[in-house]
Amino acid sequence: MLILKTIKDINNQVVELKEMGKKVGFVPTMGALHEGHISLIRLSNRENDLTVCSIFVNPTQFNDPKDFEKYPITLESDMQKLIAAKCDILFLPTVAEMYPKGLKNSEPIDFGYIAGTLEGEFRPGHFDGMAQIVEKLLRAVAPHRLYMGQKDYQQAMICTRLIKKRNLKIKIVVCPIKREKDGLAMSSRNVRLDARSRKVAVEISKVLKSMKGRAARGEGQLIADLEQAAFEKLSSFSEFKVEYVAIRDAKTLKPIKKISATTHAVALIAARIGGVRLIDNMLL
């Protein structure tokens, strides 16, 4: 696996590969890799000639400085996992490399409603910082395909719009959530859960599964009733501090009132447990 640390080096390398007719897939990460990340690497390997993975903990997308400080750094094990998954190139830039002129975003994009609701409401500024670094990475790597996980549902929507607004010739591929055997969505933050919190955290996915089942059985069922029942269920566990439980239109994230045969909906949850913030979602 080739390790490159500068924008110039990764860009030159990919340009050379493209001139050879090679297709390049890209998996951006913040490290602390798990099977969810590795599944994206494997898919990229199948669909492209080469795969680039980046590891960069982006300071501008953390609205909580403590969350940034506590984000797990596991570079050695990450590199071993990437080698085992047959990743071709690791892009490993520094903050100074990605932000040579400082952290301020000089050309923010107005993503409208989808950036202000749910995650945008509870993590102000998060999507500005995330979109800023994704654009920098995409321009540096210039891949044919970008691979992201469905767990960060809203993030994937933002990135889709980013690519369109900036007229980047890149296809985004959003992949299904990878889960632990008990159903908990895989996340780099899971390693910070203590034993009790880890045991209770699985209730998030259980509640989502219950919402999906109830929605399937009750066409025309009021969304507010499903949301309230799910919120109450999670809140019954003293360990949880629930931020939101929402069912939204899967394409716009706008609220909907009822489930019907023609509805494309997604249920989304964010909750804190044991000092760790977890998100999950499920298509209904």
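The values are calculated or read from the model by the stated rules, or taken from the named source; none is laboratory data. Because the structure is predicted, anything quoted here is derived from the model rather than measured. Cβ: placed from backbone, ideal geometry, glycine included. Neighbour counts: every protein chain shown.
Listed values, structure above:
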read-out: Verdict on THR29 being within 16 Å of the chain's Cα centre (by Cα), modelled with pLDDT of 95 or more, among the polar types (S, T, N, Q) and closer than 21 Å to SER187 by Cα; value: yes
read-out: Segment 229-251 residues that are surrounded by 13 or more Cβ atoms within 10 Å (Cβ to Cβ), paired with ones that are outside any strand (DSSP E or B) and of a type in the set (Phe, Trp, Tyr) (beta carbon under 8 Å, 6 or more apart); value: VAL242/PHE231; GLU243/PHE122; TYR244/PHE122; VAL245/PHE231
read-out: Hey, LEU184 aliphatic (A, V, I, L, M) and touching a helix residue (DSSP H, G or I) at 6+ places or on another chain (Cβ under 6 Å) or not; value: yes
read-out: Residues of segment 90-149 classified as closer than 21 Å to LYS169 by Cα and not in a helix (DSSP H, G or I), total; value: 14
read-out: Qualifying residue in segment 224-247 (condition: basic (Lys, Arg), assigned by TED's automatic domain parsing to the domain that holds ARG272 and outside any loop (DSSP other than H, G, I, E, B)); value: yes
read-out: Top-ranked residue of segment 169-215 - restricted to ones that are among the polar types (S, T, N, Q) and more than 29 Å from LEU146 (Cβ to Cβ), ranked as modelled with the lowest pLDDT; value: SER210
read-out: Pair list, Cβ under 8 Å, 6 or more apart: segment 257-284 residue of a type in the set (Asp, Glu), other residue at pLDDT 95 or above and not in a strand (DSSP E or B); value: ASP280/LYS151; ASP280/ILE177; ASP280/ILE204; ASP280/SER205; ASP280/LEU208
read-out: Single residue of segment 266-284 satisfying the filter (of a type in the set (Gly, Ala, Ser) and modelled with pLDDT under 95) that is surrounded by the fewest Cβ atoms within 10 Å (Cβ to Cβ); value: GLY275
